[in-house]
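One structure below.
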Amino acid sequence: MKKALITGISGQDGSYLAELLLEKGYEVHGIIRKVSFEDARHRLMNIAHIQDKIYLHGASLENQLSLYKVVKDVQPDECYHLAAMSFVNYGLEEASILTTNFNGTHYLLEAIREIVPFCHLYFAGSSEMFGYADISPQNELTPFRPRSMYGISKLAGYHLVNIYRKRYGIFICTGILYNHESPRRGFEFVTRKITSTAVKIKIGLEHKLILGNLNARRDWGYAPDYVRAMWMMLQQDMPDDYIVATGKTHSVQDFVKITFKMLNLNYKDYVVTDQKFYRTAEEVPLSGDSQKIRAGLGWKTTKNLTEIIEEMVKEDLKIEGLKCRYDSSII
């Protein structure tokens, strides 16, 4: 039986990945912050339904010894490094994002190099590494030009894992993932803010939805599809880097329209914009060309944006304890 170790197992991607690996017969281990054990109801809600089937270890990206101990105890065959500080702010004052994400990746790489050099490692890259892109869609050869501390931290990690791959021969793949959503998306993200607030408006708990630039465009995919891509990368004979994306962009306004229409509401009656939520839009849209993983590994998407939003709306209705009528017949 293969053993897998997932950093960030309690997040959206980590929880779906844990489910996938369990289905494939893996022994699944996950790293979480020790404080998560104290507030399991909220911090571990994404994995509550499988918690009796997985092994959880308390550790921190900022503590090298704790990561080393987990890797030594688990001796994983595969490791999926998903944990990171992921707040995207285009100011450059968030230095902790850079240090935490880079150092955590470095500590994990050192532990794997010393203890389980045979382990296959997945590193979670991000479309934010492209930042001020020159062309759209972007592919694996497009130059990186990050414009946020998060993007910089991911790019630094990308270069670091490449060094470990070349210098030490460790099997490492980087997945450059574009935005991907699901009912497990955190409420701090704009997509979940839209669906959850729209549901609250429907049942009278809220009266307006405040957003930034409605014209901002994103390449949105389905999270379970994207974690399947992670697993596929580590099953290959040779490590490589892959873009995982739909290749299609939609605006925030598109997302809002679909959500409110499902709830038989006119978004124009409830949505207001506020400059404090604005961030400068990309002159060239961040949209991924995933031909390499589609052709080489046979990866494909299973849900379009409307289907993703429908699933998110259903979950938010469930959370509110209601079965409101919604309209899913949207083009």
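Bear in mind these aren't lab numbers, they're just calculated from the coordinates by the rules spelled out. In this text the structure is predicted, and so the values were computed from the model without any measurement. Positions of Cβ are backbone-derived with ideal geometry, glycine not excepted, and every protein chain shown enters the neighbour counts.
Scale the Cα Rg of the range 182-302 by the rule-of-thumb value 2.2 N^0.38 Å and send over the ratio, two decimals. Each step should come with its number before you reach the end.
Details: Rg = 17.2 Å, N = 121, 2.2 N^0.38 = 13.6 Å.
Output field value: 1.27.
Based on the Cα coordinates of the range 108-204, what is the per residue volume of their convex hull in Å³?
139 Å³
For the ranges 261-272, 141-152, what's the packing order if you count other beta-carbon atoms within 10 Å of each residue, average per peptide, and put the highest first?
Working: 261-272: 15.8, 141-152: 18.1.
So the order, starting with the most tightly packed, is 141-152, 261-272.
Could you tell me which residue out of S136, Q12, G58 lies farthest along the dipole of the range 1-150 toward its positive end? Charges go on the beta carbon: Lys and Arg +1, Asp and Glu -1, centred on the Cα centre.
In the range 1-150, that residue is G58.
Give the aspartates and glutamates reachable from K154 as a straight Cα distance under 18 Å; neighbours fewer than 8 places away on the same chain don't count.
Hits, sequence-local ones excluded: D13, E62, E93, E94, E110, E128, E140, D240, D241.
Which of the pairs K202/K276; K261/K314; K202/K261; K24/K248 have their Cα atoms more than 20 Å apart in this structure?
In this structure, K202/K276; K24/K248 exceed 20 Å between Cα atoms.
Run the simple label-point estimate for E307 and D237 please: 7 Å along Cα→C-beta, distance reported in nm.
For the pair E307/D237, the computed spacing is 3.3 nm.
Chymotrypsin sites (Phe, Trp or Tyr not before Pro), restricted to the range 152-223: which are DSSP loop and have at most 12 other Cβ atoms within 10 Å?
Passing sites in the range 152-223 are F187.
Of all GluC sites (Glu not before Pro) in the range 168-208, which ones are in loop regions per DSSP and have a Cβ with at most 16 other Cβ atoms within 10 Å?
Sites meeting the loop and neighbour criteria: E188, E206.
Note the full-extension length gain between N266 and E188 as 0.36 nm times their separation in residues minus their Cα-Cα distance, in nm to one decimal.
25.7 nm
Just name one of Y158, L21, S182: the one whose Cα is farthest towards the positive end of the charge dipole of the chain (beta-carbon charges, Lys/Arg +1, Asp/Glu -1).
About the Cα centre, the residue reaching furthest to the positive side is S182.
Take D73, project a point 7 Å from its Cα along the Cβ direction, then tell me which residues of the range 1-25 have their backbone nitrogen under 17 Å from it.
Only 3-10 pass the distance filter.
Give me the distance in nm between label points sitting 7 Å out from Cα along the Cα-to-Cβ direction at K166 and H49, one decimal.
4.4 nm
Take the range 234-275, compute every pairwise Cα distance, and split them into 5 Å bins from 0; I just need the percent in each bin.
5, 16, 17, 13, 10, 9, 7, 8, 7, 7, 2
Which order do the peptides 119-132, 62-75 come out in when sorted by mean C-beta neighbours inside 10 angstrom, highest first?
119-132, 62-75
Could you give the length gained by full extension between K208 and D274, i.e. 0.36 nm per residue of separation minus their alpha carbon distance, to one decimal place?
Separation in residues times 0.36 nm, less the Cα-Cα distance, equals 22.6 nm.
Considering only T249, A229, I210, whose Cα is most displaced toward the positive end of the charge dipole of the range 119-258, charges sitting on Cβ of Lys, Arg (+1) and Asp, Glu (-1)?
Going by the charge dipole, the pick is I210.
Quick one: in the range 1-132, what % of C-alpha pairs are over 23 Å apart?
Values: 2768 of 8646 pairs.
For the range 1-132, the share of Cα pairs beyond 23 Å comes to 32 percent.
Starting from the alpha-carbon convex hull of the chain, give the projected area averaged over all orientations, in nm².
Its Cα hull, projected and averaged over all orientations, spans 16.8 nm².
Got a sec to turn the phi values of the range 143-152 into Karplus ³J(HN,Hα) couplings, 6.51 cos²θ - 1.76 cosθ + 1.60 with θ = phi - 60°, whole Hz, x for Gly and Pro?
Result, rounded to whole Hz: x, 8, 9, x, 10, 9, 4, 4, x, 5.
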